[in-house]
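Comments concern the structure below.
The values are calculated or read from the model by the stated rules, or taken from the named source; none is laboratory data. All values reported here derive from a predicted model rather than from experimental measurement. Ideal geometry is used to build each Cβ from the backbone, glycine not excepted, and the neighbour counts take in all protein chains shown. Just the protein is used for accessible areas: all its heavy atoms, side chains included, with ligands, DNA and RNA removed. Shrake-Rupley method; radii C 1.70, N 1.55, O 1.52, S 1.80 Å.
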Amino acid sequence: MNPELEKYFRSLEQFDWIFFTSRYTVQFFFEFLEFYGKDSRSLAHLKIASMGKLTTAALKKHGIKPDLQPGEESSEGLIGEIELKKIPAGHVLIPRSNLGLPILPENLARLGWEVIRPVFYENRYPDHLKPLDLSKVETIVFPAPSCVTNFVRLYGQLPDDKKYIFRGKETEKRFRVLKDL
């Protein structure tokens, strides 16, 4: 049991929005929701934002259709959508990992939002991880900046002979920084 999380689940009525930034935040949020004796009905008064398609698919498994999903699947995309649609500031809960980037909460605060961002799960580098043979791999997908960091930690560098796909500008930015080292 986590007293901080319990506090939020016991008072969901204080929030106007919940922003889900990944399918993992959806997974852990609904596990905790059930643990605290609640289900999707306790979110009926809330507006829901999803960072992207995978997050939305995870929400739909719980009967939730998000009110907002940006075309660009990133924190910047979500902020841009809020500004474009002139969504009024509110009180938002953002379930996050311990490595959640500050971009979304900082920009929301700049727009006048009251942001609560409790840690729902931890991203950890696995013990005893061994590198794979990448000789037949053509494309590497990085869904988050921490994935780029952990790839370099495991392999020592980012190979020049691969194609890379990034989810979000911050992930690509981390790649560029680590590629130049």
- Å² per residue, accessible surface of segment 51-137 at 1.4 Å: 60
- Given pairs Lys38/Lys60; Lys53/Lys86; Lys130/Lys179; Lys65/Lys163; Lys7/Lys173 and cut-off 24 Å on Cα-Cα distance, the over-length ones are Lys65/Lys163; Lys7/Lys173
- Which peptide among 114-123, 95-104 comes first, and what is the full order, when sorted by highest mean count of other Cβ atoms within 10 Å? 95-104, 114-123
- Message: Based on alpha-carbon atoms only, what is the radius of gyration of segment 103-169 relative to the globular estimate 2.2 N^0.38 Å?
- Response: 1.51
- In degrees rounded to 10, the 0-90 angle between helix 145-155 Cα long axis and the longest Cα principal axis of the chain is 30
- ³J(HN,Hα) across segment 24-41 via Karplus (A = 6.51, B = -1.76, C = 1.60, θ = phi - 60°), whole Hz, x for Gly/Pro? 6, 5, 4, 4, 5, 4, 6, 5, 5, 4, 5, 4, 8, x, 10, 9, 4, 4
- Message: Running a GNM on the chain with Cα contacts under 10 Å, which residue among Asp133, Asp16, Asp39 ends up with the highest mean-square fluctuation?
- Response: Asp133
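Does segment 42-83 come out rounded, prolate or oblate by the C-alpha gyration tensor, with a ≥ b ≥ c the root eigenvalues, rounded set by a/c under 1.5 and, if not, prolate when a/b is larger than b/c and oblate if not?
oblate
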- Take every Cα pair under 8 Å in the chain that's 6+ residues apart, average their separations, divide by the length, and report that relative contact order as a whole percent. 19
- Task: Please give every one of the lysines within straight-line cross-link reach of Lys85, meaning a C-alpha to C-alpha distance under 17 Å, and leave out same-chain neighbours fewer than 8 residues apart.
- Result: Lys47
- Message: If I model a spin label as a point 7 Å beyond the Cα along the Cα-Cβ vector, how far apart are those points for Lys162 and Lys60 in nm?
- Response: 3.0
- Query: Just Pro105, Pro159, Pro126 to compare: in a GNM of the chain, with alpha carbon springs under 10 Å, which one fluctuates most?
  - Reply: Pro126
- Task: Kindly write out, for segment 65-82 in residue order, the coupling ³J(HN,Hα) from the Karplus curve 6.51 cos²θ - 1.76 cosθ + 1.60 (θ = phi - 60°), rounded to whole Hz, with x marking Gly and Pro.
- Result: 10, x, 7, 8, 9, x, x, 8, 7, 7, 4, 4, x, 5, 4, x, 5, 4
- Task: Calculate what fraction, in whole %, of the accessible area of the chain sits on carbon and sulfur atoms when a 1.4 Å probe is rolled over the protein chains.
- Result: 51
- Message: Given bins 10 angstrom wide, list per bin the percent of all Cα-Cα distances in the chain, short to long.
- Response: 9, 34, 32, 18, 7, 0
- Item | Fluctuation leader among Phe35, Phe142, Phe19 - the chain, Gaussian network, Cα springs under 10 angstrom | Phe35
- Over all alpha-carbon pairs in segment 1-63, figure out the percentage whose distance exceeds 15 Å. 49
